[in-house]
Ligand code: ADP
Ligand code: ASP
Ligand code: MG
């Protein structure tokens, strides 16, 4: 058994869904369970529509919802059998009517509580998974839909829910595994789940990769395939710098670090269930299915290059905390971290001197409250529009002179902060957003001019 996850662009149109059907059909012998994202930009659109509704622009919300409904119907029609169409189109229309009723409720309450965020954004995957299951029947497979909310059980942290693994695995084993073993082409929506009391939750943005990995671990898959719109993990983010090289093989630890520090191609939590059950994860391109992609494996990957890839996060904020009281005092860092913890704001990078600490965050929802709290114990300043650049590779810990190469290549750029991650396989720097592209270009030229061909595609 294998899990095959297809992201938004891979199911964005009738033609894309047909390509997916072809890819799955040619791998039926491996008993695939398919996990799909919402079609194209559906999740973003649903959230925009909801925002329009709760900020009072009900007409614009209605117009955008209408557009999304016709796009969904239009792309679904060519991939459904005549016999299936009444049911599928009825399902799509009924779901858009439900959505419209929820939007009316939002207009009334004037806010967007996280339970509603989950409920509304869940429609993308609920629709796409039904449509893809029908499409599989249309293209000659025995497509069957399983509602992920009936098998993936999470806690109640809406918009960022965590799976309750043993319950989820038991349900997957009971409901999904037998279908795959019987040769049915199972299709499930990624991203969505529910609490034990049946309330819809989601696993966080980009969470369909995580769903795929949970499903893979639960059914005991031999491989988890993440099908997307690039040839695999590249040596740099193609949205910042095109022309990166494909990384053929990488370890779970390295991939997790890259994902966490901005390589959107993989959701950072994806590796957790895969590591636990030692299931390899592959990143593959649905527009170029012959390419062998990136293989993510448990063991570390020997490599002549010090760095495997460069990830970046734009638009982060550096919070500088300074206090003479810190001099020789203990417990100061704890008080600082307690503040971030109370406001549930993860800190990515920290550097300290005797009297100051700089920390980076990318979730700024509670920045004002955090600063107000910190000002009770120290002087605080904030630098916004910063970027974090993270070099990742197992060899970083053993490569002498690496920091000198980093600084040498960034000599024309003002580096705000630098840390070697506690995991020892990352080295990160902070620069201004405006310098990001030039910095990545310089680092990429420094570390990827000669390539170990066992690990990289030249
Ligand atoms: P999907 O909809 O299939 O989940 P995503 O948009 O979430 O796709 O992830 C794929 C995108 O990740 C790529 O199109 C690319 O722009 C971006 N990306 C960022 N960093 C990297 C990287 N190091 N290697 C490959 N892709 C990357
Ligand atoms: N559709 C969800 C999102 O856009 C989940 C995913 O695509 O992985 O965040
Ligand atoms: Mg994604």
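Residue-level analysis places residue 23 outside the set of residues that are more than 17 Å from residue 228 (Cα to Cα) and not in a loop (DSSP other than H, G, I, E, B).
I'd like the full set of residues that are away from ligand 1 (no atom under 16 Å from the Cβ), crowded, with 24+ Cβ neighbours inside 10 Å and not in a helix (DSSP H, G or I), limited to segment 199-227. Answer for segment 199-227, where residues must be away from ligand 1 (no atom under 16 Å from the Cβ), crowded, with 24+ Cβ neighbours inside 10 Å and not in a helix (DSSP H, G or I): 201, 221.
Restricting the search to segment 408-433, which residues are over 12 Å from residue 391 (Cβ atoms) and over 25 Å from the mean Cα position of the chain (by Cα)? Of everything in segment 408-433, those that are over 12 Å from residue 391 (Cβ atoms) and over 25 Å from the mean Cα position of the chain (by Cα) turn out to be 408, 411, 412, 413, 414, 415, 416, 417.
Could you tell me whether segment 228-237 includes any residue that is within 26 Å of residue 24 (Cα to Cα), more than 8 Å from ligand 1 (Cβ to nearest atom), at pLDDT 95 or above and under 16 Å from the mean Cα position of the chain (by Cα)? No, the conditions are met nowhere in segment 228-237. Would segment 13-25 turn up any residue that is crowded, with 23+ Cβ neighbours inside 10 Å and either free of Cβ contacts under 8 Å to residues at least 24 places away in the same chain or within 20 Å of residue 266 (Cβ to Cβ) (or both)? Checking segment 13-25: at least one residue is crowded, with 23+ Cβ neighbours inside 10 Å and either free of Cβ contacts under 8 Å to residues at least 24 places away in the same chain or within 20 Å of residue 266 (Cβ to Cβ) (or both).
For segment 236-253, a residue qualifies if it is in contact with a helix residue (DSSP H, G or I) (Cβ under 7 Å, 6 or more places away or on another chain) and surrounded by 23 or more Cβ atoms within 10 Å (Cβ to Cβ), and exactly one does: 236. Of 274, 256, 269, 263, all but one fail to be surrounded by 17 or more Cβ atoms within 10 Å (Cβ to Cβ) and within 11 Å of ligand 1 (Cβ to nearest atom); the exception is 263. Would you be able to say whether some residue in segment 39-52 is more than 30 Å from residue 221 (Cα to Cα), assigned to a helix (DSSP H, G or I) and away from ligand 2 (no atom under 16 Å from the Cβ)? So far as segment 39-52 goes, yes, one or more of its residues are more than 30 Å from residue 221 (Cα to Cα), assigned to a helix (DSSP H, G or I) and away from ligand 2 (no atom under 16 Å from the Cβ). Filtered by the rule that a residue be away from ligand 2 (no atom under 16 Å from the Cβ) and either within 29 Å of residue 363 (Cα to Cα) or modelled with pLDDT under 95 (or both), segment 198-225 gives 198, 199. Scanning segment 256-273 for residues that are within 16 Å of ligand 2 (Cβ to nearest atom) and assigned to a helix (DSSP H, G or I) yields 259, 260, 268, 269, 270, 271, 272, 273. Quick one: is residue 389 closer than 30 Å to residue 297 by Cβ and touching a strand residue (DSSP E or B) at 6+ places or on another chain (Cβ under 6 Å)? So residue 389 fits the description; yes. Of everything in segment 2-17 that's in contact with a strand residue (DSSP E or B) (Cβ under 8 Å, 6 or more places away or on another chain) and assigned to a helix (DSSP H, G or I), which residue is farthest from ligand 1 (Cβ to nearest atom)? Among residues in segment 2-17 that are in contact with a strand residue (DSSP E or B) (Cβ under 8 Å, 6 or more places away or on another chain) and assigned to a helix (DSSP H, G or I), the one farthest from ligand 1 (Cβ to nearest atom) is 11. Of the conditions (1) under 28 Å from residue 252 (Cβ atoms); (2) within 23 Å of the chain's Cα centre (by Cα), residue 451 satisfies every one except a single condition; which number is it? It is condition (2) that residue 451 fails. Scanning segment 43-72 for residues that are within 16 Å of ligand 1 (Cβ to nearest atom) and either surrounded by 15 or more Cβ atoms within 10 Å (Cβ to Cβ) or at pLDDT below 95 (or both) yields 43, 45, 46, 47.
Within segment 31-42, the residues that satisfy the criterion of being touching a residue at least 40 places away in the same chain (Cβ under 8 Å) and either away from ligand 1 (no atom under 15 Å from the Cβ) or out of contact with any strand residue (DSSP E or B) (no Cβ under 9 Å at 6 or more places or on another chain) (or both) are 31, 32, 33, 39, 42.
The values are calculated or read from the model by the stated rules, or taken from the named source; none is laboratory data. Just so we're clear, the structure is a prediction, and the values are computed from it rather than from any experiment. Glycine also receives a Cβ, built like all others from the backbone with ideal geometry; neighbour counts cover every protein chain displayed.
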